[in-house]
Amino acid sequence: QVQLVESGGGLVQPGGSLRLSCAASGMAFRLYVMRWYRQAPGKQRELVATIMPNGISDYTDSVKGRFAVSRDNAKNTIYLQMNSLKSEDTAVYYCNVDLSIGRYWGQGTQVTVSS
């Protein structure tokens, strides 16, 4: 029973920071690439960040230099540190893993950036 549970979303002002967490269970977490996606109202879900098992990460251009993804394999958890937040970062953020048996998503956590 693969399960992903996001947490840490909330309301922040532009320029503020927030750290999201995604706790995974039911899988060999340390072996898999993990990803963060987001979906804003009326928009398609977009890939935000990727982290490989060895910790190498990649980001979509709009968040480079502001967001940082990390993982703690001992806790089966990935994080998304979001700094210098902008209103256009407002979205539901989802954790994702692509296994050979299928794609898995968390329930999402809402991030709202507003003054």
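Per the listing 46, 88, the residue uniquely within 12 Å of the chain's Cα centre (by Cα) and of a type in the set (Asp, Glu) is 46. Residues that are in a strand (DSSP E or B) and farther than 16 Å from residue 6 by Cβ occur at least once in the stretch 101-113.
Taking the listed residues 45, 19, 30, the one that is of a type outside the set (Val, Ile, Thr), at negative phi, open to solvent by 30 Å² or more (accessible area, probe 1.4 Å) and touching a Gly at 6+ places or on another chain (Cβ under 6 Å) is 19, with no other qualifying. Within the stretch 78-98, the set of residues being touching a Phe, Trp or Tyr at 6+ places or on another chain (Cβ under 8 Å), over 15 Å from residue 50 (Cβ atoms) and open to solvent by less than 20 Å² (accessible area, probe 1.4 Å) comprises just one member, 82.
Scanning the stretch 51-69 for residues that are over 12 Å from residue 35 (Cβ atoms) and open to solvent by 50 Å² or more (accessible area, probe 1.4 Å) yields 53, 54, 56, 61, 62, 64, 65.
Residue pairs whose Cβ atoms lie under 7 Å apart, sitting 6 or more positions apart in sequence or on different chains, and linking a residue in the stretch 55-81 that is at positive phi to a partner that is basic (Lys, Arg), are 55/71. I'm trying to understand the selection: among the residues of the stretch 1-16, which are open to solvent by 30 Å² or more (accessible area, probe 1.4 Å) and under 23 Å from residue 75 (Cα atoms)? Selection gives 1, 2, 3, 5, 7, 8, 9. Filtering the stretch 5-39 to residues that are farther than 26 Å from residue 84 by Cα, aliphatic (A, V, I, L, M) and part of a strand (DSSP E or B) leaves only 24.
Could you list, in sequence order, all residues of the stretch 59-86 that are over 17 Å from residue 46 (Cβ atoms) and of a type in the set (A, V, I, L, M, F, W, C)?
Of everything in the stretch 59-86, those that are over 17 Å from residue 46 (Cβ atoms) and of a type in the set (A, V, I, L, M, F, W, C) turn out to be 68, 74, 78.
The values are calculated or read from the model by the stated rules, or taken from the named source; none is laboratory data. This structure is a prediction, so every number in the text was calculated from the model and none was measured. Cβ coordinates were reconstructed from backbone atoms using ideal geometry, including for glycine residues, and neighbour counts include every protein chain displayed. What goes into the accessible areas is simple: the full protein's heavy atoms, side chains included, and nothing from ligands, DNA or RNA. Shrake-Rupley method; radii C 1.70, N 1.55, O 1.52, S 1.80 Å.
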